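Reviewing the structure listed below.
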Amino acid sequence: MLLQNVEQYVENLIPKRTELVEEMENYAKEHVVPIMELIGIEALLQILRLHQPAHILEIGTAIGYSAIRMAEALPNAKIVTVERNEDRYKQAQFFINRAEKKEQIKTLFGDALELQADIEQNGPYDAVFIDAAKGQYQRFFEHYAPLVNKKGIIISDNILFKGHVGTDLSQIETRRKRSLIKKIDAYNVWLMKHPDFQTTILPIGDGIAISIKRGD
């Protein structure tokens, strides 16, 4: 993880976002909605600019922050995003409509593990972004890796869990958090050994794993 003073320095260098995007950042902070950290989202967008995916699947819409940022960075891309929390789903639609990205972003309501038919119908995908229930990351990956085109990418957020994956578990105060850390660690180990993907972990934001699907 970046040192706090370096993190602050880099954040200060990031160009000002649109008025709507900054409103969403403030909304997320006020209502305690987990969205990507500023340095993390900028890294994600740069990766996508380099890869230039035409079709993106996002698992975990929240209020639509990252979907809108991706749509702004890649105006020719089509994005399918899935959210199971009804209040956040509705809030995401509100922001997506205000951003005038309704034609570019398709929102699906429900659990991503139960909407496979709908997600498949809108595939295949050049990129998948996983930013939902951390304990389910491996299941999300296994479900949707077959829908990723050759040389496509799967990006997993929060895989360092604020640095907890590298700490002594005996120092973690709750059993639930210890269990979650173990699951994230197991996912990272599994991901790095996946035979069909080549993965790099970046200690940016809350940790980002970039997995590129191997070709023949």
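Tabulated results
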quantity: Mean Cα-pair separation over length for segment 9-126, i.e. relative contact order, pairs under 8 Å, 6 or more apart, %; calculated: 25
quantity: Extension reserve of the Lys16-Asn97 stretch, reckoned as 0.36 nm per residue once the Cα distance is removed; calculated: 27.0 nm
quantity: Rounded percent of accessible protein surface that carbon and sulfur make up, the chain, 1.4 Å probe; calculated: 49
quantity: Segment 13-55 and segment 180-209: distance between their alpha carbon centers, rounded to Å; calculated: 21
quantity: Kirkwood hydrodynamic radius of the chain, Cα pairs, Å; calculated: 17.7
quantity: Calculated from backbone phi, Karplus (6.51, -1.76, 1.60) coupling profile of segment 69-74 in Hz, x at Gly/Pro; calculated: 4, 5, 5, 5, 6, 10
quantity: Per residue convex hull volume, Cα atoms of segment 11-126, in Å³; calculated: 100
quantity: For the chain, accessible area per residue (1.4 Å probe, heavy atoms of protein chains only), Å²; calculated: 54
quantity: Contact order normalised by residue count of the chain, Cα under 8 Å, 6+ apart, percent; calculated: 20
quantity: Sum of -39500 (n - 2.57) over DSSP H runs of 4+, divided by residues of the chain (222 nm, nearest 500); calculated: -12500 deg cm²/dmol
quantity: Relative contact order for segment 93-188, counting Cα pairs under 8 Å that sit 6 or more residues apart, in percent; calculated: 26
quantity: Within segment 59-110: Cβ-based charge dipole about Cα centre, in debye rounded to nearest 20 (Lys, Arg +1; Asp, Glu -1); calculated: 40
quantity: As computed over segment 94-215, the Cα convex hull volume per residue (Å³); calculated: 132
quantity: Cα-centred dipole magnitude for the chain, charges only on beta-carbon of K, R (+1) and D, E (-1), debye, nearest 20; calculated: 460
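The values are calculated or read from the model by the stated rules, or taken from the named source; none is laboratory data. These numbers were taken from a predicted model, which means no experiment stands behind them. Positions of Cβ are backbone-derived with ideal geometry, glycine not excepted, and every protein chain shown enters the neighbour counts. Ligands, DNA and RNA are excluded from the accessible area calculation, which covers all protein heavy atoms including side chains. Shrake-Rupley method; radii C 1.70, N 1.55, O 1.52, S 1.80 Å.
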